[in-house]
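The values are calculated or read from the model by the stated rules, or taken from the named source; none is laboratory data. Keep in mind that what you see is a predicted model, and the values were worked out from it rather than measured. In this analysis, Cβ positions are derived from the backbone assuming ideal geometry, glycine residues included, and neighbour counts consider all displayed protein chains.
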Amino acid sequence: MLKDDNRKAMIDKVMKEHNYEESSLLEILHKAQDSYGYLDKILLTYIAKSLTLPPSHVLGVATFYSFFKLKAPGEHVVTGCLGTACYVKSVDDIMTAIEHDFNIKRGGSTPDGKLSLFITRCIGACAMAPNIIVDDEVIGKATKEVVVERVRLALEGGGRRR
Amino acid sequence: MKLADLQKIAEHEVDFQRAYKHRINVCCSSGCVPFGALKVLKAFEDAVKEFSVEKDCKVAKTGCVGTCSVGPAVIIEPGDYLYQSVTPERVRETVRDHIVLGLPVKDMLYHSEDFFKKQHRLVLRNAGKIDPSRIEDYIAMGGYSAIVKCLATMTPQGVIYEVTRSGLRGRGGAGFPTGQKWSLVARSHSTPKYIVANLDEGDPGVFANRTLAEADPHAILEGMLIAAYAVGAEKGYIYIRAEYPLAIQTLQKAIVQARAMTLLGDSVLETPFKFDLELRFGAGAFVAGEETAILASVEGRRAMPRPRPPYPANSGLWGKPTLIQNVETLANIPVIIQNGGEWFSKVGTTKCSGTKCFSLTGQINNPGLIEVPMGITLREVVFEIGGGIQNNRPFKAVLVGGPSGGCLPEALLDLPIDYDSLTKVGAIMGSGGIVVIDDQSCMVDTAKFFTDFCVEESCGKCVPCRAGLVKVQEIFNRITTGDGKVEDIAALDKAGNYIKEASLCGLGQTAPNPVLTTLRYFRDEYLEHIVDKKCRAGKCFRNLVKEEEVEDQ
Amino acid sequence: MSAGTVKLKIDNIEVNVPEGTMILEAARANGVVIPTLCDVEGLTAYGGCRMCMVEIHGSPKLFASCVTPVSTGMEIVTQSDKLKEYRKMALQFILSERSHICSVCVANNSCELQKLANELGVDHVQFEREWTSFPVDSTHDFLVLDRNRCILCTRCVRVCDEIEGVHTLDLKLRGKDEQVIVDLDDQWGESTSCTSCRKCAKVCPVGAIYVEGEALSETKDKNVAKFVLSRRNR
């Protein structure tokens with residue numbers, strides 16, 4: 001069961017605004033992820049019931065789009081932009097350095113849940129390529145050294161982002 | 001608000017702005033904000049107060065001017081002085097010298113004059129000049145006068161006639177004639193009708209649509225209004241990438257303002273014409289840019305393309321006639337209505353009128369967002385606007401059209417940029433990405449990069465795209481790790497052509513383009529990889545290098 | 001010729017069919033066999049397997065016959081060297097995509113994929129096979145879902161939604177990672193929506209969904225959708 005709290009009230013409000021229409025599923029998933037950080041089974045079940053959609057349909061949609069996360073991300077999140085411009089500017093080398101230095105794989109998190117490493121297909125800041133996002137900060141014209149140092153700082157700083 | 005009121009607002013706003021001697025436009029788009037644009041904005045606001053010039057000097061938060069690699073960018077009018085890489089520390093000095101003393105700070109001015117010389121800004125007419133968060137700014141530039149003209153003096157058929165006459169073709173990639181598309185939807189009898197504006201810029205390396213939305217959101221809204229009037233639609237959706245928070249905010253604000261002025265709603269400008277719109281958010285699926293997939297996504301389903309017919313013009317959203325148009329196409333519409341289709345048809349080439357926005361990136365001196373007339377050559381774009389290759393390295397190729405585009409060699413640099421010329425050489429216009437690469441990039445590796453992208457983004461519905469691309473990817477993995485065979489070249493060619501011909505949607509049909517064009521123009525690099533196990537750019541065979549290193553130790 | 005009838009040629013045979021008929025149906029109705037995999041009569045056409053591609057005189061493109069409506073004067077070619085080569089290529093892509101080893105498969109000798117491969121003479125696969133392992137679900141009392149043998153034709157998903165009406169099954173993820181799921185990717189045995197109607201097993205062209213302990217030659221019946229619809233419309 002989904003706990004009664006502000007976050008649930010927020011989703012309820014948005015679903016009501018959309019008249020519980022099937023077609024609002026993506027909007028609801030966006031709101032749910034905004035509020036909860038990721039989409040777990042309890043949340044998806046609740047959304048499916050509220051919109052009277054088959055659960056398999058809801059999961060099918062949630063997993064089709066790479067923006068939706070079905071697992072909790074780490075405390076700190078590093079996202080590498082793998083758009084063409086960034087690729088041409090060797091963003092891959094920076095990603096490999098992060099993987100190596102922090103013992104983490106793309107798309108995964110460290111076992112202690114401190115750090116997640118994601119890739120995104122283009123954040124649209126191509127003229128500043130290569131771009132790496134550490135927590136909420138975009139590092140443009142990034143280099144291995146700068147990014148690794150920035151991640152280290154974030155991890156040492158502890159605490160939750162935001 | 002009535003039709004005539006708009007004119008008054010425009011006049012009032014122009015007078016209001018004329019009261020200022022200077023206007024300082026600080027670019028606060030997604031390209032500049034991460035690099036301190038908001039701090040620069042604040043610094044300018046403080047500095048004009050410090051020097052007591054706030055009555056002469058309007059500090060405005062604007063959209064992108066295009067020089068995204070040297071942000072934050074600031075323009076000081078009059079004279080259009082463009083400052084690059086502005087830091088809050090140097091703002092005080094800039095205001096003192098430029099505004100108070102009248103001496104522009106030379107060492108901060110943008111480094112290249114060529115960047116703007118060959119550009120022709122129709123779509124980006126207001127980008128960097130107006131404050132996108134103020135509808136009055138847009139109106140003062142003549143904004144919404146085109147919809148007024150339509151409502152007051154033109155029939156829907158008349159609007160379609162002008163658009164057809166303009167020769168405008170869809171800017172989303174395929175280049176379908178816009179006027180023709182509009183008449184198809186207009187002729188459909190079923191109601192209600194819908195409009196979907198495509199702002200799901202999925203091409204990695206392209207940011208033109210985002211920039212447009214951030215810099216001039218009302219141009220998109222006005223384009224949609226005119227389209228809606230022409231085809232008889234009463235509801236619109238802007239389908240935008242969730243990864244574009246600033247563009248979303250800007251559009252949301254624009255919609256609220258437009259509603260407040262009755263430009264949207266049950267009775268647009270107190271006429272019987274009714275139109276309103278909503279934003280819908282994409283969620284990271286390249287295929288959602290395909291026109292039947294975008295419909296599925298707006299309806300809240302998996303963005304899987306479906307076979308056509310039926311075409312969306314007859315059966316789109318919820319089975320109703322739907323006009324799907326890229327936002328860049330829509331932003332052209334007000335200009336066409338204001339100046340007439342005939343005027344527009346004279347910009348660009350005879351077969352391809354108008355301009356095209358490109359995100360110009362890669363190993364180039366002046367990356368950024370540009371808008372050029374159709375028919376300009378790639379050489380002009382790369383070497384004049386783009387300022388040539390960084391560090392004077394040799395040019396190798398230009399990738400036109402994103403992951404479904406083509407990799408074109410030096411020999412094709414004099415090719416004019418238009419839909420047909422690009423298709424002929426195996427590339428596509430796509431949504432407007434030009435990535436320039438130098439000798440540090442490997443063409444086999446580049447084709448592999450795009451294949452990897454398409455494998456990730458394939459929706460999985462049809463066999464050629466889902467399973468075929470994986471096989472192509474495997475062949476690339478072999479070639480780039482030293483296990484390539486000479487037969488692989490023929491296998492890539494065969495599989496590529498099959499995927500191109502047999503796939504269900506545009507994604508699959510164009511996915512092999514990078515492979516096929518590199519095979520066509522850079523075959524020697526493939527042979528080098530396969531026969532000599534050598535990569536001249538040093539990108540491939542990294543596994544082998546590592547093994548050697550291990551042996552050395 | 002009455003209004004609403006379309007006259008065209010399929011493999012040089014002149015045929016008359018009602019307007020709106022798909023090429024595949026028109027061919028079938030006139031005894032012309034076009035190979036298919038994702039198509040099941042009675043279900044919404046999917047257009048995914050691309051086996052039913054045909055050539056239309058005057059166009060350089062290929063058309064999936066299951067989703068292309070007929071029009072007057074069309075001259076359709078359903079068999080040519082190019083089509084044969086492309087169909088063989090599609091089969092090879094499918095065969096190398098997941099684990100399709102006939103000798104160890106429950107569907108051996110009652111498999112539509114195997115049958116097509118035999119008919120088209122695909123006796124070897126020139127591509128490397130993928131060996132990614134996908135989960136097998138045998139928690140249901142008698143239905144088994146082996147995702148390693150799935151060809152993603154979505155017949156089961158469509159029959160579950162369109163005929164049985166419960167939409168227990170759907171696809172998750174996309175592209176090569178796509179998989180058939182039960183509810184929220186739950187174990188089939190725990191499904192609250194599944195009615196255990198077996199239609200998914202009946203229409204599965206391969207051995208991806210089957211009824212445990214029953215000979216597939218007896219359980220398979222891809223006419224189930226057509227049959228149910230005809231009963232319903234009575």
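Go through the range B:1-49 and count every residue that is out of contact with any Phe, Trp or Tyr (no Cβ under 8 Å at 6 or more places or on another chain), among the aliphatic types (A, V, I, L, M) and under 18 Å from B:Y83 (Cα atoms).
Step one: list which residues in the range B:1-49 are out of contact with any Phe, Trp or Tyr (no Cβ under 8 Å at 6 or more places or on another chain), which gives B:1-5, B:7-23, B:25, B:27-29, B:32-49.
Restricting the remaining residues to those that are among the aliphatic types (A, V, I, L, M) gives B:1, B:3-4, B:9-10, B:14, B:19, B:33, B:37-38, B:40-41, B:43, B:47-48.
Applying the additional criterion that residues be under 18 Å from B:Y83 (Cα atoms) yields B:33, B:37-38, B:40-41, B:43, B:47-48.
Total meeting the criteria: 8.
Within the range C:85-98, is even one residue within 18 Å of the chain's Cα centre (by Cα), assigned to a helix (DSSP H, G or I), aromatic (F, W, Y) and surrounded by fewer than 22 Cβ atoms within 10 Å (Cβ to Cβ)? Give the steps one after another, and end with the answer.
As a first pass, look at the range C:85-98 and keep what is within 18 Å of the chain's Cα centre (by Cα): C:86-98.
Subset that is assigned to a helix (DSSP H, G or I): C:86-97.
Subsequent filtering for residues that are aromatic (F, W, Y) retains C:86, C:93.
Now drop any that are not surrounded by fewer than 22 Cβ atoms within 10 Å (Cβ to Cβ), which leaves C:86.
Checked the range C:85-98: at least one residue is within 18 Å of the chain's Cα centre (by Cα), assigned to a helix (DSSP H, G or I), aromatic (F, W, Y) and surrounded by fewer than 22 Cβ atoms within 10 Å (Cβ to Cβ).
Tell me, which residue of the range B:262-302 that is aromatic (F, W, Y) and away from every other protein chain (no Cβ under 14 Å) is nearest to B:E328 (Cα to Cα)? Quick ask: steps written out before the conclusion?
Pass one, the range B:262-302, residues aromatic (F, W, Y): B:273, B:275, B:281, B:286.
When the remaining residues are screened for being away from every other protein chain (no Cβ under 14 Å), the result is B:273, B:275.
Numbers: B:F273: 24, B:F275: 20 Å.
Among those that are aromatic (F, W, Y) and away from every other protein chain (no Cβ under 14 Å), it is B:F275.
Among the listed residues A:V138, A:V78, A:V151, which satisfies the condition of being touching a residue at least 60 places away in the same chain (Cβ under 8 Å), of a type in the set (A, V, I, L, M) and either in the same structural domain as A:Y38 (by TED's automatic domain parsing) or assigned to a strand (DSSP E or B) (or both)?
When all the criteria are applied, what remains is A:V78.
Taking the options B:V163, B:V148, B:V159, name whichever one is in contact with a Cys (Cβ under 7 Å, 6 or more places away or on another chain) and crowded, with 18+ Cβ neighbours inside 10 Å. Can you show your working first?
Working: B:V163 fails: in contact with a Cys (Cβ under 7 Å, 6 or more places away or on another chain); B:V148 fails: in contact with a Cys (Cβ under 7 Å, 6 or more places away or on another chain).
So the residue among B:V163, B:V148, B:V159 that is in contact with a Cys (Cβ under 7 Å, 6 or more places away or on another chain) and crowded, with 18+ Cβ neighbours inside 10 Å is B:V159.
Rundown of residues vs (1) part of a loop (DSSP other than H, G, I, E, B); (2) free of Cβ contacts under 8 Å to residues at least 12 places away in the same chain; (3) within 21 Å of B:P217 (Cα to Cα); (4) over 26 Å from the mean Cα position of the chain (by Cα), yes/no style:
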position	(1), (2), (3), (4)
B:A10	no, no, yes, yes
B:Q17	no, no, yes, yes
B:K39	no, no, no, yes
B:K42	no, no, no, yes
B:E45	no, no, no, yes
B:S52	yes, yes, no, yes
B:V86	yes, no, no, no
B:E93	no, no, no, yes
B:H98	no, no, no, yes
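Can we say A:S50 is surrounded by 24 or more Cβ atoms within 10 Å (Cβ to Cβ), more than 18 Å from the chain's Cα centre (by Cα) and modelled with pLDDT of 90 or more?
no
Against the condition within 9 Å of chain B (Cβ to nearest Cβ), modelled with pLDDT of 95 or more and in contact with a Leu (Cβ under 9 Å, 6 or more places away or on another chain), how does C:V54 come out, does it pass? Quick ask: steps written out before the conclusion?
On the way: within 9 Å of chain B (Cβ to nearest Cβ): no; modelled with pLDDT of 95 or more: yes; in contact with a Leu (Cβ under 9 Å, 6 or more places away or on another chain): yes.
No, not satisfied.
Considering only residues that are touching a residue at least 40 places away in the same chain (Cβ under 8 Å) and either outside any loop (DSSP other than H, G, I, E, B) or within 10 Å of another protein chain (Cβ to nearest Cβ) (or both), which ones fall in the range C:158-188?
Once the filter is applied, which keeps residues that are touching a residue at least 40 places away in the same chain (Cβ under 8 Å) and either outside any loop (DSSP other than H, G, I, E, B) or within 10 Å of another protein chain (Cβ to nearest Cβ) (or both), the range C:158-188 yields C:R158, C:V159, C:C160, C:E162, C:I163, C:K176, C:Q179, C:V182, C:W188.
Those residues that are modelled with pLDDT under 95 and within 14 Å of chain B (Cβ to nearest Cβ), I need them from the range C:125-141; list them, please.
If the condition is that a residue be modelled with pLDDT under 95 and within 14 Å of chain B (Cβ to nearest Cβ), then C:V125, C:Q126, C:F127, C:E128, C:R129, C:E130, C:W131, C:T132 are the ones that fit.
Among the candidates B:E371, B:E474, B:E456, B:E380, single out the residue that is charged (D, E, K, R), in a helix (DSSP H, G or I) and either more than 14 Å from every other protein chain (Cβ to nearest Cβ) or touching a His at 6+ places or on another chain (Cβ under 8 Å) (or both).
B:E380
Conditions (1) assigned by TED's automatic domain parsing to the domain that holds A:L153; (2) in contact (Cβ under 8 Å) with a residue 40 or more places away in the chain; (3) assigned to a loop (DSSP other than H, G, I, E, B); (4) in contact with a helix residue (DSSP H, G or I) (Cβ under 8 Å, 6 or more places away or on another chain), marked per residue:
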position	(1), (2), (3), (4)
A:C86	yes, yes, no, yes
A:D92	yes, no, no, no
A:M95	yes, no, no, no
A:I98	yes, yes, no, yes
A:D101	yes, yes, no, yes
A:R106	yes, no, yes, yes
A:P111	yes, no, yes, no
A:S116	yes, yes, no, no
A:I119	yes, yes, no, yes
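Residues A:L44, A:L70, A:L59: which one is without any contact (Cβ under 8 Å) to a residue 40 or more places away in the chain and touching a strand residue (DSSP E or B) at 6+ places or on another chain (Cβ under 9 Å)?
Checking each option against the conditions leaves just A:L59.
Here are C:R50, C:R98: which of them is among the basic types (K, R) and in the same structural domain as C:A201 (by TED's automatic domain parsing)?
On the way: C:R50 fails: in the same structural domain as C:A201 (by TED's automatic domain parsing).
Of C:R50, C:R98, the one residue that is among the basic types (K, R) and in the same structural domain as C:A201 (by TED's automatic domain parsing) is C:R98.
Just checking, which of C:A201, C:A215 is touching a Ser or Thr at 6+ places or on another chain (Cβ under 7 Å), of a type in the set (A, V, I, L, M) and assigned by TED's automatic domain parsing to the domain that holds C:V106? Walk me through how you get there before you give the answer.
On the way: C:A215 fails: touching a Ser or Thr at 6+ places or on another chain (Cβ under 7 Å).
Result of the check over C:A201, C:A215: C:A201.
Among (1) surrounded by fewer than 24 Cβ atoms within 10 Å (Cβ to Cβ); (2) farther than 23 Å from B:E290 by Cα, there is one condition B:I364 misses while meeting the rest; what is its number?
Going through the list (1) surrounded by fewer than 24 Cβ atoms within 10 Å (Cβ to Cβ); (2) farther than 23 Å from B:E290 by Cα, B:I364 breaks only (1).
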